[in-house]
Amino acid sequence: MLRERRFTLFLLFLMVTAGVTLPVTFAPRLLAGQPPDAAIIAEGGGTTIIQGGTGAPGFVPVLTKLGFHAEQTGAGVTGGFECLALAPEALTGSHSGQFTVNAMYVTGHVSGATVQGGTATLTGTADVTGLGAGTNVSFTFVAQGGGPGATFVLTVSGLTFHELLLEGASRVNGKD
């Protein structure tokens, strides 16, 4: 009798575990708040360097931390874009190498996307602080799939930034 009760409890435990584990395993998009019919268009993140930095005459280097994703759902294209641009503090005419100054922050919502080969062009609106500050500003972000060496171009507030991925990765239509 005790043996049957233990076996029954063990089966109940397995059923509860399977009832929790299987949905988590097979439906991660539902848990992440993504619709089940969502198809990833582009996604990525990492650290970039802006080619030419701040430009002439000082050419101060600028690093960015960025993350983005865009997906196609039945309702259209949705996604997000984040880019924090950091510059070093000036020290007696030279630069420290410590990127601690928040030069610009762009936080946006992706509402459009096109793909050509391994490159995605994402469009939407963003709030911008620092350089080019504004609210509900249109932006365009062109992302090449790949790892370090991949290129990105951000156009926002009438400014264009050519970026080179130093660390991280991006994917376009599931391809690196």
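The values are calculated or read from the model by the stated rules, or taken from the named source; none is laboratory data. Here the structure is a predicted model, which is why all the values come from computation and not from measurement. Cβ placement follows ideal geometry from the backbone for every residue including glycine, while neighbour counts extend to all protein chains displayed.
When the test is whether a residue is at pLDDT 95 or above and over 15 Å from the mean Cα position of the chain (by Cα), Gly147 does not pass it. Of the residues Gln72, Gln116, the single one that is exposed (fewer than 15 other Cβ atoms within 10 Å of the Cβ) and at pLDDT 90 or above is Gln116. Being farther than 21 Å from Gln51 by Cβ and out of contact with any helix residue (DSSP H, G or I) (no Cβ under 7 Å at 6 or more places or on another chain) is not true of Gln144.
Tell me, please, whether a residue that is part of a strand (DSSP E or B), of a type in the set (Gly, Ala, Ser) and modelled with pLDDT under 80 can be found in region 50-59. No, every residue in region 50-59 fails to be part of a strand (DSSP E or B), of a type in the set (Gly, Ala, Ser) and modelled with pLDDT under 80. On the given criteria, is Glu163 over 21 Å from Ala38 (Cβ atoms) and modelled with pLDDT of 95 or more? Yes; evaluated as a whole, the condition is true for this residue. The strands (runs of 3 or more DSSP E) falling completely within region 71-176 that include 2 or more residues that are of a type in the set (Gly, Ala, Ser) and either more than 21 Å from Val60 (Cα to Cα) or touching a residue at least 60 places away in the same chain (Cβ under 8 Å) (or both) map to 76-91, 94-116, 119-130, 134-144, 159-172.
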